[in-house]
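Trainee: First the structure, then my questions, so here it is.
The values are calculated or read from the model by the stated rules, or taken from the named source; none is laboratory data. Every value quoted in this text rests on a predicted model; they were computed, and no experiment measured them. As a convention, Cβ positions derive from the backbone with ideal geometry for all residues, glycine included, and neighbour counts pool all protein chains shown.
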Amino acid sequence: MNLPKAFEEAMDDDFNTAQGIGILFDLVRTVNRELDESDGNVSDEKAAAVLSARHDLSRMGSILGILNSSPRSYFEHKKERGLASASVDAAWVEQMIAERAEARKAKNWKRADEIRKELDKMNIQIEDRPDGTFWKIG
């Protein structure tokens with residue numbers, strides 16, 4: 001099935017966004033399945049097909065006014081909106097995370113736990129990863 005063509009037909013059918021979004025999901029599902037089946041060994045042909053699908057996805061998304069920004073900028077913007085609506089100062093959160101890192105470094109587990117609990121009360125979730133501590137609201 002030619003998904004970009006099916007998307008175009010859905011849009012021509014009284015701007016059938018429900019069907020169009022379904023086609024977007026079908027395209028993503030197809031690409032994900034192809035990549036999963038490749039076990040990390042992506043042939044040049046498959047890489048070209050994925051890039052073509054990415055182009056199709058971007059084009060279809062732009063028609064619907066979605067998928068226009070990079071994932072990084074999307075999530076940064078989402079985080080900023082969440083901070084504004086929750087009245088949270090990002091600089092303060094970063095300061096608390098730095099203080100917690102220092103407490104952990106000094107093996108002051110009590111203080112590190114207190115900071116985590118304080119952030120939890122504000123609905124700020126932190127996640128320690130090998131490359132640093134990341135946080136998000138609720």
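Trainee: Among (1) surrounded by 12 or more Cβ atoms within 10 Å (Cβ to Cβ); (2) not in a helix (DSSP H, G or I), which single condition is Asp14 missing?
Mentor: (1)
Trainee: Considering the stretch 21-46 alone, what residues qualify as being among the aliphatic types (A, V, I, L, M) and modelled with pLDDT under 90?
Mentor: So the first thing to find is which residues in the stretch 21-46 are among the aliphatic types (A, V, I, L, M), and the list is 21, 23-24, 27-28, 31, 35, 42.
The answer is Leu35, Val42.
Trainee: Which members of the stretch 41-92 meet the condition of being polar (S, T, N, Q) and either surrounded by fewer than 10 Cβ atoms within 10 Å (Cβ to Cβ) or not in a helix (DSSP H, G or I) (or both)?
Mentor: Narrowing the stretch 41-92 to residues polar (S, T, N, Q): 41, 43, 52, 58, 62, 68-70, 73, 85, 87.
Those that are polar (S, T, N, Q) and either surrounded by fewer than 10 Cβ atoms within 10 Å (Cβ to Cβ) or not in a helix (DSSP H, G or I) (or both): Asn41, Ser43, Asn68, Ser69, Ser70, Ser85, Ser87.
Trainee: Also, quick follow-up: Hey, any hits in the stretch 79-99 for a residue that's within 30 Å of Phe7 (Cβ to Cβ), without any contact (Cβ under 8 Å) to a residue 12 or more places away in the chain and out of contact with any Ser or Thr (no Cβ under 6 Å at 6 or more places or on another chain)?
Mentor: In the first step, residues of the stretch 79-99 are kept if they are within 30 Å of Phe7 (Cβ to Cβ); the result is 81.
Retained after the next criterion (residues that are without any contact (Cβ under 8 Å) to a residue 12 or more places away in the chain): 81.
Going one step further and asking which of them are out of contact with any Ser or Thr (no Cβ under 6 Å at 6 or more places or on another chain), we end up with 81.
Within the stretch 79-99, one or more residues are within 30 Å of Phe7 (Cβ to Cβ), without any contact (Cβ under 8 Å) to a residue 12 or more places away in the chain and out of contact with any Ser or Thr (no Cβ under 6 Å at 6 or more places or on another chain).
Trainee: Search the stretch 16-28 for residues that are closer than 12 Å to Asp56 by Cβ and pair each with any residue that is charged (D, E, K, R) when their beta-carbon atoms are under 9 Å apart and the residues are at least 6 apart or on different chains.
Mentor: The qualifying pairs are Leu27/Asp56.
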